[in-house]
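Please read through the structure below; I'll follow up with questions.
The values are calculated or read from the model by the stated rules, or taken from the named source; none is laboratory data. No experiment lies behind these values; they were computed from the predicted model shown. Cβ placement follows ideal geometry from the backbone for every residue including glycine, while neighbour counts extend to all protein chains displayed.
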Amino acid sequence: MSKKKKPSQPASSALSERVGSGLDRIDFLDEHAEPRADGHPIPMFLFILILMVMYASDMHLMANRGAFDARIYAPYSNEDELANDKPVDPVAEKRKQGKKVYESACVACHQSSGSGLPGQFPPLAGSDWVQTDGANRVIRIVLSGAQGPITVSGMAFNNLMPPVGASLSDTNIADVLTYVRSEWGNKAPAVTPEQVKAVRTEIKDRGPWTPEELLKVPLK
């Protein structure tokens, strides 16, 4: 009489039992089982190393950032080094600031080219009123304005130059006159805020000048 063989246990079931007995009986063959991971703290030496690298990087950035100023780049690391090696031309800086004032207060009448508008507004480029050795007259025109028939570079004009001195500081006026007197081929000395202040104090709040009155004013 033949003996019936006992059905062998499936291999997967046996593996599941053996594995499960050692790891809280988690069924690793169950595709829906949630994964598990044990937490491990960061080694202290690695944490200290990261802090040291961060500190060294910060010190390097602070020493070479140039205050994050776009003008400062290698080999300069700060503004003082740049200024000592490449000093700023004060007249060039005044002209730069004066151009900004011109574009906001003067360009509508005298145009970006300084040519003015024929029959309406006189030119500043090549102007015999602008290119004087002294700036006493042109400072007065900007501060108080001018009116009446005037001849500029051989051309006749008869319009009102409004006073803009009340809305501009002494520095603004000095800068814009420095720009006008050295732009478009003009070659006249720069104007200082002290010169403007002296004229402003002298004339106070008087009205527009006539060309005849201006011609009586010394150039210096």
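Would you point out the residue of segment 39-58, among those that are surrounded by 10 or more Cβ atoms within 10 Å (Cβ to Cβ) and at pLDDT below 85, that is farthest from residue 78 (Cα to Cα)?
Of everything passing the filter in segment 39-58, 47 is farthest from residue 78 (Cα to Cα).
Against the conditions (1) touching a residue at least 12 places away in the same chain (Cβ under 8 Å); (2) outside any loop (DSSP other than H, G, I, E, B); (3) out of contact with any strand residue (DSSP E or B) (no Cβ under 8 Å at 6 or more places or on another chain), where does residue 103 fall short? Just the number, please.
With (1) touching a residue at least 12 places away in the same chain (Cβ under 8 Å); (2) outside any loop (DSSP other than H, G, I, E, B); (3) out of contact with any strand residue (DSSP E or B) (no Cβ under 8 Å at 6 or more places or on another chain) applied to residue 103, the lone miss is (1).
While we're on this one: Can you say whether residue 91 is under 31 Å from the mean Cα position of the chain (by Cα), closer than 23 Å to residue 220 by Cβ and exposed (fewer than 15 other Cβ atoms within 10 Å of the Cβ), as far as the supplied structure shows?
Against the criterion (under 31 Å from the mean Cα position of the chain (by Cα), closer than 23 Å to residue 220 by Cβ and exposed (fewer than 15 other Cβ atoms within 10 Å of the Cβ)), residue 91 qualifies.
Filter segment 165-199 down to the residues that are over 23 Å from residue 126 (Cβ atoms), hydroxyl-bearing (Ser, Thr, Tyr) and part of a helix (DSSP H, G or I) and list them by number.
Those that are over 23 Å from residue 126 (Cβ atoms), hydroxyl-bearing (Ser, Thr, Tyr) and part of a helix (DSSP H, G or I): 167, 171.
Would you call residue 108 closer than 21 Å to residue 167 by Cα and not basic (Lys, Arg)?
Judged against the criteria, residue 108 is a match.
So which of 199, 164, 152 is surrounded by 20 or more Cβ atoms within 10 Å (Cβ to Cβ) and assigned by TED's automatic domain parsing to the domain that holds residue 118?
Matching residue, one of 199, 164, 152: 199.
Criterion first (assigned to a helix (DSSP H, G or I), buried (at least 16 other Cβ atoms within 10 Å of the Cβ), modelled with pLDDT of 95 or more and out of contact with any Asp or Glu (no Cβ under 8 Å at 6 or more places or on another chain)) does residue 143 satisfy it?
So residue 143 passes the test.
Oh, and also: For segment 126-170, which residues satisfy the criterion of being touching a residue at least 60 places away in the same chain (Cβ under 8 Å), touching a Ser or Thr at 6+ places or on another chain (Cβ under 9 Å) and polar (S, T, N, Q)?
Answer for segment 126-170, where residues must be touching a residue at least 60 places away in the same chain (Cβ under 8 Å), touching a Ser or Thr at 6+ places or on another chain (Cβ under 9 Å) and polar (S, T, N, Q): just 147.
Give the residue, chosen from 182, 127, 169, that is at pLDDT 95 or above, small (Gly, Ala, Ser) and in contact with a strand residue (DSSP E or B) (Cβ under 9 Å, 6 or more places away or on another chain).
Being at pLDDT 95 or above, small (Gly, Ala, Ser) and in contact with a strand residue (DSSP E or B) (Cβ under 9 Å, 6 or more places away or on another chain) holds for just one of 182, 127, 169, which is 127.
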